[in-house]
1. Could you compute the net charge surrounding residue 27? Neighbours are other residues with a C-beta less than 10 Å from the C-beta of residue 27; K and R count +1, D and E count -1.
2. When Lys and Arg each count +1 and Asp and Glu each count -1, what net charge do the other residues less than 12 Å away from residue 113, Cβ to Cβ, add up to?
3. How far apart, in nm, are the 7 Å Cα→Cβ label points at residue 175 and residue 67?
Amino acid sequence: MKKLIILLLTALVSSCTSTQLTDSWKNPEIETYAPSKVLVVGLTSNIEAKQKFENKLKKEFLMRGTDAYTSFEVFPKSFKTEKLNQNELDSLEQQLLQSGFDTIIFSKVVGSEDKIGYTKNFDVYDETFIKFKEDYLRYQDSFYNPEYYEEYTVYHAETSVFCICPTKERELLWKGSINIVDPQSIDKTVNDYINLIIEALETEQLFSPIALSTKKEIS
């Protein structure tokens with residue numbers, strides 16, 4: 001069932017996008033979840049991408065009637081330039097609880113790898129009728145012509161949804177592993193990534209869809 005959900009989500013959101021959902025886990029003890037006040041955190045050294053990501057995801061929560069804030073609005077200014085230790089994070093979590101937060105959605109890049117692919121698509125022939133010389137002639141240029149290859153980078157990212165409810169410790173509700181393939185534009189990558197997250201959380205009933213009667217632009 002889990003694999004089927006991942007396949008369906010990937011088919012829905014990966015077409016013509018730079019992001020792909022590769023794995024997904026949902027807490028089996030949670031059937032549905034409705035956050036009331038959310039902190040959106042993106043961990044990256046690219047401040048522009050971080051701001052755009054957090055602001056857009058915050059907007060998605062607001063459009064669904066859920067109170068939401070970015071880390072820029074909540075975390076201390078030193079968070080932008082300094083690492084936080086365990087005690088500081090514990091103190092921050094207590095402040096969040098006292099301020100009425102019950103959910104943190106945390107996204108980060110966990111790795112990357114360089115890839116090489118063919119720039120020419122060979123999958124246009126019926127392979128069952130091809131002869132040796134035809135097959136050889138089709139592919140031989142790929143070994144002698146560098147233009148047949150394209151180098152690109154795949155970034156491996158993760159998004160986690162945590163409950164910080166007073167009666168529980170930091171509880172992981174959902175976690176998704178996402179590949180960001182050859183990103184060329186911050187805006188497009190952020191949009192694709194957030195659309196993928198939203199589709200996943202709505203499917204898992206952890207994120208309320210926008211009612212047609214209330215859907216509107218929030219500036």
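What follows is calculated from the coordinates using simple rules that are stated; it is not laboratory data. Values in this document were obtained by computation on a predicted structure and should not be read as measured data. So basically every Cβ, Gly included, is an ideal-geometry build from the backbone, and we count neighbours across all protein chains shown.
1. Numbers: positive: 26, 175; negative: 29, 31, 171, 204.
In short, -2.
2. -2
3. Placing both labels 7 Å along Cα→Cβ, they lie 2.9 nm apart.
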